[in-house]
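Q: Structure incoming, see below.
The values are calculated or read from the model by the stated rules, or taken from the named source; none is laboratory data. All values reported here derive from a predicted model rather than from experimental measurement. Here Cβ is always computed from backbone atoms with ideal geometry, including for glycine, and neighbour counts include all displayed protein chains.
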Ligand SMILES: N[C@@H](CCC(=O)N[C@@H](CS)C(=O)NCC(=O)O)C(=O)O
């Protein structure tokens with residue numbers, strides 16, 4: 001049995017695909033033919049009742065949702081790959097903090113920007129929701145930036161949270177002065193494993 005990852009090109013399953021590949025864990029990729037920023041087909045709720053990607057099936061057939069949780073799980077399930085610091089250490093606490101911060105605050109901003117109709121019933125308010133979400137995402141990225149030790153979140157050693165933060169950094173649509181995040185994104189583009197997956201999802205971004 002292997003992992004099965006449901007995603008679509010350009011969506012957040014990128015980071016889970018990168019994590020599984022770095023873990024050298026065999027997985028099957030099921031790519032839905034739907035465009036980023038559009039709701040998924042209603043039938044997908046039979047697979048994931050919340051109707052979102054990424055959706056991950058573990059080798060035992062159980063389902064996981066929530067990209068941040070998947071990253072924490074993959075790192076824990078493949079400890080020999082050092083994808084995150086050992087659980088129980090202060091470094092792991094920092095890894096958890098920013099992985100969850102990204103899942104809760106950054107991904108939620110992306111959702112408000114892409115799907116404003118879920119956040120207001122006022123059709124005239126969609127642009128306001130979008131604009132506020134872009135501003136809020138910039139604020140969240142700036143807070144994350146200020147906590148990056150450099151060159152990576154935790155200092156010298158790259159962890160899965162770096163890939164996650166880099167993804168949100170390039171998804172941000174506003175102005176942002178974030179040299180650490182910019183450098184991490186550059187490392188990801190050039191990374192021998194992550195770089196190929198990055199290009200397949202995000203092209204030259
Ligand atoms: N909290 C979820 C958010 C996932 C999410 O928003 N995924 C987007 C793709 S990038 C999606 O499935 N959009 C379709 C929809 O929400 O209908 C996670 O971290 O996995």
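Q: Please list, ordered by first then second residue, the pairs with beta carbon atoms under 7 Å, 6 or more apart or interchain, first in region 181-192 and not assigned by TED's automatic domain parsing to the domain that holds residue 150 and surrounded by 15 or more Cβ atoms within 10 Å (Cβ to Cβ), second outside any loop (DSSP other than H, G, I, E, B) and at pLDDT below 95.
A: As it stands, the answer is none, since no pair meets every condition given.
Q: Residues that are within 16 Å of the ligand (Cβ to nearest atom): which helices (runs of 4 or more DSSP H) entirely in region 107-202 hold 1 or more of them? Talk me through it step by step, then tell me what you get.
A: Details: elements: 107-114, 126-146, 160-171, 179-190, 194-202.
Helices (runs of 4 or more DSSP H) meeting the threshold: 107-114, 126-146, 160-171, 194-202.
Q: Please count how many residues of region 174-204 are within 19 Å of residue 108 (Cβ to Cβ) and within 16 Å of the chain's Cα centre (by Cα).
A: Residues in region 174-204 being within 19 Å of residue 108 (Cβ to Cβ) and within 16 Å of the chain's Cα centre (by Cα): 1 in total.
Q: In addition: When you check residue 74 against the structure, is it within 30 Å of residue 3 (Cα to Cα), in contact with a helix residue (DSSP H, G or I) (Cβ under 9 Å, 6 or more places away or on another chain) and buried (at least 16 other Cβ atoms within 10 Å of the Cβ), yes or no?
A: Values: within 30 Å of residue 3 (Cα to Cα): yes; in contact with a helix residue (DSSP H, G or I) (Cβ under 9 Å, 6 or more places away or on another chain): yes; buried (at least 16 other Cβ atoms within 10 Å of the Cβ): yes.
Yes, satisfied.
Q: Turning to a different aspect of this structure: Would you please name the residue that is nearest to residue 73 (Cα to Cα), looking only at residues in region 33-52 that are more than 9 Å from the ligand (Cβ to nearest atom) and touching a residue at least 24 places away in the same chain (Cβ under 8 Å)?
A: First, pick out the residues of region 33-52 that are more than 9 Å from the ligand (Cβ to nearest atom): 33, 35, 41-43, 45-47, 49.
Then drop every residue that is not touching a residue at least 24 places away in the same chain (Cβ under 8 Å), which leaves 33, 35, 47.
Working: 33: 27, 35: 27, 47: 20 Å.
Looking at the filtered set, the residue picked out is 47.
Q: So which of 76, 91 ends up being more than 23 Å from residue 8 (Cβ to Cβ) and touching a strand residue (DSSP E or B) at 6+ places or on another chain (Cβ under 9 Å)? Steps first, please.
A: Details: 76 fails: touching a strand residue (DSSP E or B) at 6+ places or on another chain (Cβ under 9 Å).
Exactly one of 76, 91 is more than 23 Å from residue 8 (Cβ to Cβ) and touching a strand residue (DSSP E or B) at 6+ places or on another chain (Cβ under 9 Å), namely 91.
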